[in-house]
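Engineer: Quick one: structure below, then a few questions.
The values are calculated or read from the model by the stated rules, or taken from the named source; none is laboratory data. Only a predicted model underlies this, so the values are computations on that prediction, with no experimental measurement involved. Cβ placement follows ideal geometry from the backbone for every residue including glycine, while neighbour counts extend to all protein chains displayed.
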Amino acid sequence: MTIDGRIASRTGYSRLSCDEDFDLQHELRAWSDIVIVGSNTVLVDDPKLTVRRVPGKSPLRGVVDSRLKVPPSAKLFSIPGGVLVTTEDHDDARLEPYIEVGVTVIRAGKGVVDLVKAWKLLYEELGVSKVMVEGGGHLNYALLDKGLVDEVWVTVSPFVFGAGVSVFDGEGFDGLERKASFRLKGLKVLCGSWVNLRYEVLTPRLPLDI
């Protein structure tokens, strides 16, 4: 993110990482069982979400998409291991184009994805226990709000946009009765001017036996 907490400018520009930060991103992907993004991230960037810059195996690749905005031709579905996390509202006929290209479909919730239920199903059906989420801002906030985030790894880049997409974008915590709080676990300077911060989430946090 930029110094002012933006992951994209008002025009959609989002290339903020340096080489060392990209390497770290791919190391974390190789550690994960699945990498998940929101539907807008796929529509704007169409990422592959594979491991390319470091040794290691590519994880499963998923998107949270309540309204099936992401097409079956998206790059994250182009090789085996694609996962669509959507709602229970869509019948088999709507989902058939995804299934035909080998996508695993997880259905949870009505109207919008029930993230707590979806995370349970990822574990029960696919054996996923280590989830890496690469945004966007709405998904980042929704997961934090539900208490589903254990750690936040954020790299602060030496730029300011002044407007654009926030790294956490949602209704917001009031800061009094309810707040998001963290404990710093690590700090590393990358490429001379980028700073990677690793935080443990203290609140909100669901117990492991959700």
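Engineer: Look at region 174-194 and say how many of its residues are in contact (Cβ under 8 Å) with a residue 12 or more places away in the chain and closer than 20 Å to residue 206 by Cα.
Structural biologist: 8
Engineer: Answer with yes or no whether residue 60 is surrounded by fewer than 18 Cβ atoms within 10 Å (Cβ to Cβ), more than 27 Å from residue 192 (Cα to Cα) and at pLDDT 95 or above. Walk me through how you get there before you give the answer.
Structural biologist: Working: surrounded by fewer than 18 Cβ atoms within 10 Å (Cβ to Cβ): no; more than 27 Å from residue 192 (Cα to Cα): yes; at pLDDT 95 or above: yes.
No; evaluated as a whole, the condition is false for this residue.
Engineer: For region 70-93, does any single residue satisfy the condition of being farther than 19 Å from residue 126 by Cα, in contact with a strand residue (DSSP E or B) (Cβ under 6 Å, 6 or more places away or on another chain) and among the hydrophobic types (A, V, I, L, M, F, W, C)?
Structural biologist: For region 70-93, residues farther than 19 Å from residue 126 by Cα, in contact with a strand residue (DSSP E or B) (Cβ under 6 Å, 6 or more places away or on another chain) and among the hydrophobic types (A, V, I, L, M, F, W, C): present.
Engineer: State whether the residues of region 110-119 include one that is farther than 18 Å from residue 142 by Cα and at pLDDT 95 or above. So that I can check it myself, show each step before the final result.
Structural biologist: First, pick out the residues of region 110-119 that are farther than 18 Å from residue 142 by Cα: none.
No, there is no match, as no residue in region 110-119 is farther than 18 Å from residue 142 by Cα and at pLDDT 95 or above.
Engineer: Let me confirm something: among 115, 144, which residue is surrounded by 19 or more Cβ atoms within 10 Å (Cβ to Cβ) and out of contact with any Phe, Trp or Tyr (no Cβ under 9 Å at 6 or more places or on another chain)? Even if it seems obvious, please write down each step before you answer.
Structural biologist: Working: 144 fails: out of contact with any Phe, Trp or Tyr (no Cβ under 9 Å at 6 or more places or on another chain).
After applying the criteria, what remains is 115.
Engineer: Let me ask you something else. With the checklist (1) more than 20 Å from residue 153 (Cα to Cα); (2) among the charged types (D, E, K, R); (3) touching a residue at least 60 places away in the same chain (Cβ under 8 Å) in hand, flag the one item residue 20 doesn't pass.
Structural biologist: Among (1) more than 20 Å from residue 153 (Cα to Cα); (2) among the charged types (D, E, K, R); (3) touching a residue at least 60 places away in the same chain (Cβ under 8 Å), residue 20 violates only (1).
Engineer: Sticking with this one: Do you know which residues across region 1-20 are in a helix (DSSP H, G or I) and closer than 20 Å to residue 139 by Cβ? It would help to see each step written out before you state the result.
Structural biologist: As a first pass, look at region 1-20 and keep what is in a helix (DSSP H, G or I): 19-20.
Residues satisfying the conditions do not exist here.
Engineer: Return the total of residues in region 25-55 being aliphatic (A, V, I, L, M) and surrounded by fewer than 20 Cβ atoms within 10 Å (Cβ to Cβ). Show your work before the answer.
Structural biologist: Of region 25-55, the ones aliphatic (A, V, I, L, M) are 28, 30, 34-37, 42-44, 49, 51, 54.
Add one more test, that the residue is surrounded by fewer than 20 Cβ atoms within 10 Å (Cβ to Cβ), and what stays is 28, 30, 43-44, 54.
Here the count works out to 5.
Engineer: Taking the residues in region 80-103 that are in a loop (DSSP other than H, G, I, E, B) and surrounded by fewer than 13 Cβ atoms within 10 Å (Cβ to Cβ) as candidates, determine which candidate is modelled with the highest pLDDT.
Structural biologist: Residues of region 80-103 that are in a loop (DSSP other than H, G, I, E, B), as a first pass: 80-81, 87-91, 101-103.
Those still in the list that are surrounded by fewer than 13 Cβ atoms within 10 Å (Cβ to Cβ) too: 80, 91.
Working: 80: 96, 91: 93.
Among them, the one singled out is 80.
Engineer: Residues that are within 19 Å of the chain's Cα centre (by Cα), closer than 18 Å to residue 27 by Cβ and not aromatic (Phe, Trp, Tyr), at least 2 per element: which strands (runs of 3 or more DSSP E) completely within region 108-210 meet that?
Structural biologist: 131-133, 151-156, 194-203
Engineer: Need pairs with beta-carbon distance below 7 Å; first residue more than 17 Å from residue 140 (Cβ to Cβ) and within region 27-54, second among the acidic types (Asp, Glu) and surrounded by fewer than 16 Cβ atoms within 10 Å (Cβ to Cβ); sequence gap 6+ or separate chains.
Structural biologist: Within 7 Å, the pairs are 53/23; 54/23; 54/27.
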